[in-house]
Structures are given as structure tokens and as C-alpha cells.
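Notes for the one structure printed next.
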Amino acid sequence: MTRKTALVTGAARGIGAAIAARLAADGWRVIAADRDPAGAAPPGGRFAACDVADEAAVDALIAGIAAEEARLDGLVCNAGIMIRKPLGALSLAEWNAVLATNLTSAFLLARASAPLLRAGRGAVVTIASTRAHMSEPDTEAYAASKGGLVALTHALAISLGPEVRANAISPGWIATKGPAPRSEDHADHPAGRVGEPGDIAALAAWLLGPESGFVTGAEFIADGGMTRKMIYRD
Ligand SMILES: NC(=O)c1ccc[n+]([C@@H]2O[C@H](COP(=O)([O-])OP(=O)(O)OC[C@H]3O[C@@H](n4cnc5c(N)ncnc54)[C@H](O)[C@@H]3O)[C@@H](O)[C@H]2O)c1
């Protein structure tokens with residue numbers, strides 16, 4: 001395998017699918033992983049069914065890449081879920097499911113793929129959230145998982161450097177599912193619009209590529225300016 005190879009998790013739809021498509025268009029071989037078996041690979045890549053919260057499944061996924069591609073140059077930890085419930089109604093099982101999917105998965109993926117990433121002087125990109133820094137009510141598990149993911153990412157940058165760089169992207173509102181944003185939703189944003197999956201894919205592609213060689217341990221907020229906007233009412 002001579003082509004640079006990337007693994008993108010949660011690639012069946014949304015931001016993960018856009019990252020997989022962008023990397024494939026840029027010439028990468030992409031392994032698109034998702035727990036939804038209906039997922040598909042971008043051109044020239046392959047799809048792998050995997051629950052990234054499952055240690056054995058992650059180890060098998062990376063072993064498969066070692067056997068089939070024999071290299072891994074980019075790891076994109078994108079799979080994530082949100083359970084939105086009042087604190088008093090959130091079960092420990094639900095808390096653990098969110099932490100396992102959004103945070104522990106990145107630990108499992110980085111641990112299993114570190115030898116391949118080191119050998120190829122590769123890069124890790126994690127998809128966190130502006131909710132690592134700000135919250136709506138009833139989102140404790142999600143916010144905690146994303147804050148942990150930002151911290152895990154800088155820890156990885158220190159432990160795996162200088163061979164491997166690791167950076168986090170924290171998206172704001174990216175239109176992937178649910179009702180289409182209204183004109184007032186776009187207007188709320190200093191950038192004048194809600195985000196699109198391609199906005200995150202472009203940043204991830206840059207962070208995996210050679211032009212970001214001096215960038216590691218960083219968090220990139222891609223939110224159209226929303227975390228910089230003060231809202232006061234008289
Ligand atoms: N869309 C946004 O506004 C937004 C904002 C900030 C952060 N994010 C983060 O970006 C990432 C992608 O978001 P999205 O909007 O594209 O989500 P999405 O729900 O559209 O897609 C998520 C994908 O992850 C997969 N997935 C979920 N759990 C998995 C598991 N255990 N193993 C393997 N795959 C699993 C799903 O099957 C799905 O294909 C998530 O981590 C999310 O938290 C999204």
C-alpha cells in the first residue's frame with residue numbers, strides 16, 4: 001500500500017462521511033468505520049463495521065488495517081452520540097455509554113494504532129465540540145466527554161510526539177441532521193451562517209496534511225464565531 005491511509009470513525013453519515021469523502025478526493029485511501037453496517041466507503045477505500053466503544057472491536061479494526069493496508073497515516077476520531085436528559089433522569093448506564101463512545105473510544109483507537117501512526121509519522125484528529133466550553137441544560141455527559149476529549153488530545157500530542165501530531169477540532173452548529181437551520185439561525189452567527197460538514201472536513205484534511213507540521217496539541221474552534229459572541233439583554 002503506497003497511498004496514505006486514514007481511518008475515519010462515525011463515517012456512515014454527517015461530519016464523518018464528509019471527512020472521509022474529502023480525504024478520498026485528496027488522494028487518501030480511507031477506511032470508513034461505523035457501527036451502522038449500512039455505511040459505505042468513499043471511492044478507493046473500504047468500509048469496516050465497528051463499535052468504537054468496544055475494546056475488542058477496536059483492536060480487531062486496527063489489526064485488520066495492519067494486515068490489509070500495513071500502514072496508517074491519519075486517525076480521525078469522529079464517532080459520537082449525545083443523550084440529552086435532565087440530570088436527575090440520566091442513568092449511570094447512559095452516562096457511561098456517552099463517555100465510552102465519545103471519549104474512551106479515542107483512547108482505544110490511539111492506543112491500538114500508535115505503532116502504525118508512529119511508523120508513518122502520522123497524525124490524529126479528534127472531533128470534540130464547543131460544548132467542551134459552553135453548555136445548554138441537560139447535556140452533562142456530552143459536555144464532559146468532549147472536555148475530556150480535548151484534554152486527551154493534548155496528552156496524546158505530548159506522549160506520541162514528535163513522530164505523531166494530535167489536534168482537536170471543536171465544531172459549533174454543523175447542519176447534519178434535524179430540521180434545517182432557519183434564517184435567524186444563520187444570522188445569529190458572526191460568520192453569517194450555520195456550519196456545514198465540509199467546513200470541518202477541510203480543517204481535518206489540513207490537520208492531517210504536511211502543511212500543519214508545526215501544529216500539535218491544539219484545539220481548533222470551528223463555530224462561525226459563536227463562542228466569541230456576547231449576548232446581553234437590557
Ligand atoms: N453536528 C454538529 O453540530 C456537531 C457539533 C459539535 C460536535 N459534533 C461532533 O461531530 C461528530 C459527528 O457528528 P455528526 O453530527 O456528523 O453526527 P451523526 O449522528 O450525524 O453521525 C455520527 C456517526 O457516528 C456513528 N456512531 C455513533 N456511535 C458509534 C459507535 N459506538 N461506534 C461507531 N460509530 C458510531 C453513527 O452511526 C453515525 O454514523 C460527533 O462526535 C459529534 O459529537 C457535531
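FYI, it's all coordinate maths here, none of it is from the lab. Please read all numbers here as calculations on a predicted model, not as lab measurements. Neighbour counts are summed over all protein chains in view; Cβ atoms, including those assigned to glycine, are modelled from backbone coordinates with ideal geometry.
Packing, as the average of other Cβ atoms within 10 Å across residues, places the peptides 148-156, 64-72, 48-56, 26-34 in the order 26-34, 148-156, 48-56, 64-72, highest first. Between the alpha-carbon centres of the stretch 96-141 and the stretch 200-224 there is a gap of 15 Å. Label zone of ALA89 (point 7 Å out along Cα→Cβ, amide N under 18 Å): in the stretch 134-174 this covers 136-143. In order along the stretch 171-186, the Karplus-derived 3J(HN,Hα) couplings, from 6.51 cos²θ - 1.76 cosθ + 1.60 at θ = phi - 60°, round to x, x, 6, 10, 6, 10, 8, x, x, 4, x, 8, 4, 5, 5, 4 Hz, and Gly and Pro are given as x.
Legend: calculated FRET efficiency, ARG111 to ALA187, from the Cβ-Cβ distance at R0 = 45 Å, rounded to 0.05, equals 0.55. Report the net charge of residues surrounding ASN96, where surrounding means a beta-carbon distance below 15 angstrom and charges are Lys +1, Arg +1, Asp -1, Glu -1. Here the count lands on -4.
Sites listed here are trypsin sites (Lys or Arg not before Pro) in the stretch 134-234 whose DSSP assignment is loop and whose Cβ has at most 10 other Cβ atoms within 10 Å: LYS177, ARG182, ARG233. Dividing the summed -39500 (n - 2.57) terms of all DSSP H runs of n ≥ 4 by the residue count of the chain sets its mean residue ellipticity at 222 nm at -12000 deg cm²/dmol.
For the stretch 143-181 versus the stretch 1-76, the spacing of their alpha-carbon centroids is 17 Å. For the pair MET82 and THR2, a Förster radius of 35 Å applied to the C-beta separation gives a FRET efficiency near 0.35, rounded to the nearest 0.05.
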